[in-house]
Amino acid sequence: MSLVPFDDRDGSIWWDGEMLPWRDAKLHVLSHGLHYASAVFEGERAYAGHIFRLREHTDRLIESGRILGFEIPYSAQEIDDASNQVLAASGLSDAYIRPLAWRGAEQLSVSAQQTKIHLMIAVWAWPNLFGADRMKGVRLGMAPWKRPHPETAPTRAKASGLYMIGTMSKHHVEAQGFNDALMLDWRGQVTEATGANIFFVMNGEIHTPIPDCFLDGITRRTVMRLAEKRQIPVIERVIMPDEMKHATEAFLVGTAAEVTPIRQIEALDFTPGHITETLMADYEALVRMTPEQVRGSLT
Ligand SMILES: Cc1ncc(COP(=O)(O)O)c(C=O)c1O
């Protein structure tokens with residue numbers, strides 16, 4: 001797979017209120033965020049020129065920063081405006097948007113009281129997390145790492161440091177030929193994949209783990225609402241790995257993954273079926289509506 005390096009692309013990046021040429025958006029190596037993972041981010045998608053559920057993402061970004069003990073020095077409206085500005089500058093109508101807030105280089109020690117909080121927003125084309133494998137259904141292997149107890153890590157925040165667990169897990173299963181890792185938590189309960197939430201179809205109902213130690217995704221909540229509108233019961237509950245064999249369908253949901261069918265989890269096979277296909281189609285239709293129509297449709 002040929003990948004254009006992220007520091008060698010054309011375009012503009014919004015950084016602390018200015019639009020910088022993409023290649024000039026460089027960070028000092030002694031930045032606190034780089035050494036101590038004092039950083040939070042978002043992953044958003046624009047469809048047909050609108051950033052889907054932008055304010056929910058912006059609110060979560062601000063809240064993630066607060067959980068890590070810092071205040072992003074921009075209002076939600078300013079962040080929304082900056083996101084739309086950088087999307088417009090990209091010339092893309094379907095795109096991935098990545099805001100990141102981090103502690104700067106003013107102080108480099110565990111204590112970081114003197115650091116300034118920075119914010120950048122970049123936009124690029126990124127069709128789907130799983131690329132061509134998505135429509136066939138993806139294959140998951142079990143992660144060797146566990147999602148931590150909420151008193152061990154800031155599990156409600158979309159915090160950069162938490163992705164260390166995801167990268168190690170994903171690399172482990174990719175080496176075995178899987179597309180992604182399914183993570184358990186410290187109790188052995190099913191949680192999510194490394195960048196998407198998980199749903200199972202059992203007896204015509206949708207079952208999904210309770211997000212008490214992992215991200216309660218914006219797509220997760222959106223898809224739960226879409227299922228309710230179709231009168232498909234959605235049950236949030238503890239799911240143990242040995243129950244997965246009772247599922248007839250399984251799928252992942254997330255901003256980057258959208259709604260992606262699962263065809264295998266370790267030795268278990270699943271066939272993407274009616275419920276997965278219905279929710280994929282409903283989600284595809286929803287994301288292409290205007291923000292007002294989205295709000296109207298989800299209430
Ligand atoms: C670890 C993790 N879980 C779940 C999700 C899904 O969240 P959302 O639907 O808000 O994108 C993501 C993606 O942001 C993620 O990185």
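The values are calculated or read from the model by the stated rules, or taken from the named source; none is laboratory data. What you are looking at is a predicted structure, and each value in this text was computed from that prediction instead of being measured. No Cβ is skipped: glycine too gets one built from the backbone with ideal geometry, and neighbour counts run over all protein chains shown.
Could you tell me whether any residue of region 212-221 is more than 15 Å from the ligand (Cβ to nearest atom) and either buried (at least 22 other Cβ atoms within 10 Å of the Cβ) or not in a strand (DSSP E or B) (or both)?
No, that holds for no residue.
Can you find even one residue in region 104-114 that is buried (at least 19 other Cβ atoms within 10 Å of the Cβ) and either on the phi > 0 side of the Ramachandran plot or touching a Leu at 6+ places or on another chain (Cβ under 8 Å) (or both)?
There is no residue in region 104-114 that is buried (at least 19 other Cβ atoms within 10 Å of the Cβ) and either on the phi > 0 side of the Ramachandran plot or touching a Leu at 6+ places or on another chain (Cβ under 8 Å) (or both).
So Glu205 clears everything in (1) within 30 Å of Ala153 (Cβ to Cβ); (2) out of contact with any Asp or Glu (no Cβ under 9 Å at 6 or more places or on another chain) except one condition, right? Which one?
(1)
Identify all residues within region 262-297 that are within 16 Å of the ligand (Cβ to nearest atom) and either surrounded by 14 or more Cβ atoms within 10 Å (Cβ to Cβ) or within 19 Å of Glu192 (Cα to Cα) (or both); write none if there are none.
Scanning region 262-297 gives Ile262, Leu279, Met280, Asp282, Tyr283, Leu286, Val287, Val294.
Which residue is nearest to the ligand (Cβ to nearest atom), if the candidates are limited to region 157-180 and must be over 21 Å from Val138 (Cβ atoms) and assigned to a loop (DSSP other than H, G, I, E, B)?
In this case the residue turns out to be Lys158.
Does region 138-147 include one or more residues that are β-branched (Val, Ile, Thr) and under 21 Å from Phe199 (Cα atoms)?
Yes, region 138-147 contains a residue that is β-branched (Val, Ile, Thr) and under 21 Å from Phe199 (Cα atoms).
One residue is enough: does region 125-132 have a residue meeting the conditions over 18 Å from the mean Cα position of the chain (by Cα) and surrounded by fewer than 19 Cβ atoms within 10 Å (Cβ to Cβ)?
Yes.
So the check is Cβ under 7 Å with 6+ separation or different chains; which pairs have a first residue in region 216-239 that's assigned by TED's automatic domain parsing to the domain that holds Gly188 and more than 21 Å from Gly188 (Cα to Cα) and a second one that's of a type in the set (Ser, Thr, Tyr) and more than 15 Å from the ligand (Cβ to nearest atom)?
Short answer, once both residue conditions are applied: Arg230/Thr278.
Suppose we filter Leu215, Leu184, Leu140 for residues that are under 15 Å from the mean Cα position of the chain (by Cα) and at pLDDT 95 or above; which single one remains?
Sole residue among the options that is under 15 Å from the mean Cα position of the chain (by Cα) and at pLDDT 95 or above: Leu215.
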